[in-house]
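Take a look at the structure below.
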Amino acid sequence: MSITVCVFCGSRPGSNPSWSTASSQLGSEIAKHGWRLVFGGGGGGLMGDLARGALASHGNVIGIIPSFLTEAEAVIENLAELYVVESMVARKEMMIELSDVFVVLPGGIGTIEELFEVWTGNHVKAYSKPILIVNLNGFYDLLLQFTQQQFDDGFLIERHFSDITVVKTIPEAIAFLQLKAR
């Protein structure tokens with residue numbers, strides 16, 4: 001079965017070169033499995049590495065970018081589809097609508113905001129779509145520790161974690177996606 005995988009990740013490369021390699025590898029593997037990739041449309045950082053990895057493997061790549069960002073950053077060429085939307089909210093809504101599963105790689109505040117948007121959407125049953133955090137090099141350790149503290153302090157319940165899976169490597173991420181594609 002074909003699935004559409006939405007990946008949230010940094011529009012900057014970050015400080016660890018292995019994140020760039022992993023992003024490109026994930027994009028390539030998504031394409032090789034015949035899955036569609038949905039991403040933020042920008043050509044910079046991990047986001048650009050992801051899309052270029054998928055395109056190099058002849059993937060079906062869909063970019064969604066707010067119009068004001070097309071002036072601030074290069075948009076990836078040769079996408080199967082590029083949607084230029086009016087706002088960040090419209091971008092997220094379209095990403096959520098088009099996707100079957102969400103993968104979260106390292107990134108900044110936008111990536112964190114996207115993660116919490118879909119996590120909250122699942123929790124309030126606006127939709128039910130799996131979320132995979134790829135905790136490369138322990139990038140999300142402190143965030144996961146914080147959410148455990150929220151649980152310990154009574155702000156989160158076990159059900160909050162039912163749609164979240166955490167892995168450490170791209171091969172583990174692909175194995176997870178293969179299960180979701182069945």
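The values are calculated or read from the model by the stated rules, or taken from the named source; none is laboratory data. All values derive from a computational prediction rather than experimental measurement. No Cβ is skipped: glycine too gets one built from the backbone with ideal geometry, and neighbour counts run over all protein chains shown. These area figures cover heavy atoms from the full protein model, side chains too; ligands, DNA and RNA do not enter into them. Shrake-Rupley method; radii C 1.70, N 1.55, O 1.52, S 1.80 Å.
Quick check on my filter: what residues within the stretch 1-22 are open to solvent by less than 40 Å² (accessible area, probe 1.4 Å) and either in contact with a strand residue (DSSP E or B) (Cβ under 8 Å, 6 or more places away or on another chain) or at pLDDT below 95 (or both)? Spell out how you get there, then give the answer.
To start, the set of residues in the stretch 1-22 that are open to solvent by less than 40 Å² (accessible area, probe 1.4 Å) comprises 3-10, 19-20, 22.
Of everything in the stretch 1-22, those that are open to solvent by less than 40 Å² (accessible area, probe 1.4 Å) and either in contact with a strand residue (DSSP E or B) (Cβ under 8 Å, 6 or more places away or on another chain) or at pLDDT below 95 (or both) turn out to be I3, T4, V5, C6, V7, F8, C9, A22.
So that you can scan it fast, the table gives a plain yes or no per residue for (1) within 18 Å of A22 (Cβ to Cβ); (2) part of a helix (DSSP H, G or I); (3) open to solvent by 80 Å² or more (accessible area, probe 1.4 Å); (4) modelled with pLDDT of 95 or more:
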site	(1), (2), (3), (4)
K129	no, no, no, yes
Q145	no, yes, yes, yes
Q150	no, yes, no, yes
F155	no, no, yes, yes
H160	no, yes, no, no
V166	yes, no, no, yes
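Take A90 and decide whether it is small (G, A, S) and farther than 24 Å from N122 by Cβ.
On the way: small (G, A, S): yes; farther than 24 Å from N122 by Cβ: no.
The answer is no for A90.
In this structure, does G41 turn out to be touching a Pro at 6+ places or on another chain (Cβ under 7 Å) and surrounded by 17 or more Cβ atoms within 10 Å (Cβ to Cβ)? Let's see the steps before the verdict.
Details: touching a Pro at 6+ places or on another chain (Cβ under 7 Å): no; surrounded by 17 or more Cβ atoms within 10 Å (Cβ to Cβ): yes.
Answer is no for this residue.
Within the stretch 168-182, can you find the residues that are part of a loop (DSSP other than H, G, I, E, B) and either open to solvent by 70 Å² or more (accessible area, probe 1.4 Å) or not β-branched (V, I, T) (or both)? Please lay out each step first, then the result.
Restricting attention to the stretch 168-182, the residues satisfying the condition of being part of a loop (DSSP other than H, G, I, E, B) are 168-169, 181-182.
Within the stretch 168-182, K168, A181, R182 meet the criteria.
For the stretch 131-143: of the residues being hydrophobic (A, V, I, L, M, F, W, C) and assigned to a helix (DSSP H, G or I), which is most open to solvent (accessible area, probe 1.4 Å)? Walk me through it before giving the result.
We begin by selecting, within the stretch 131-143, every residue hydrophobic (A, V, I, L, M, F, W, C); these are 131-134, 136, 139, 142-143.
In the following step, the residues that additionally are assigned to a helix (DSSP H, G or I) were identified as 136, 142-143.
Numbers: L136: 14, L142: 134, L143: 36 Å².
Per the criteria, the residue is L142.
Determine whether E97 is acidic (D, E), modelled with pLDDT under 95 and either part of a helix (DSSP H, G or I) or more than 15 Å from the chain's Cα centre (by Cα) (or both).
On the way: acidic (D, E): yes; modelled with pLDDT under 95: no; either part of a helix (DSSP H, G or I) or more than 15 Å from the chain's Cα centre (by Cα) (or both): yes.
The answer is no for E97.
Say whether the condition of being modelled with pLDDT of 95 or more and open to solvent by 30 Å² or more (accessible area, probe 1.4 Å) is met by at least one residue in the stretch 63-75.
No, there is no match, as no residue in the stretch 63-75 is modelled with pLDDT of 95 or more and open to solvent by 30 Å² or more (accessible area, probe 1.4 Å).
Would you check if D49 is charged (D, E, K, R) and surrounded by fewer than 20 Cβ atoms within 10 Å (Cβ to Cβ)? If you could, list the steps in order and put the result at the bottom.
Numbers: charged (D, E, K, R): yes; surrounded by fewer than 20 Cβ atoms within 10 Å (Cβ to Cβ): no.
So D49 fails the test.
Of the conditions (1) open to solvent by 50 Å² or more (accessible area, probe 1.4 Å); (2) under 25 Å from S128 (Cα atoms); (3) not in a helix (DSSP H, G or I), V89 clears all except one; give me its number.
For V89, the exception is condition (3).
Taking the residues in the stretch 23-38 that are crowded, with 20+ Cβ neighbours inside 10 Å and among the charged types (D, E, K, R) as candidates, determine which candidate is nearest to S67 (Cα to Cα).
R36
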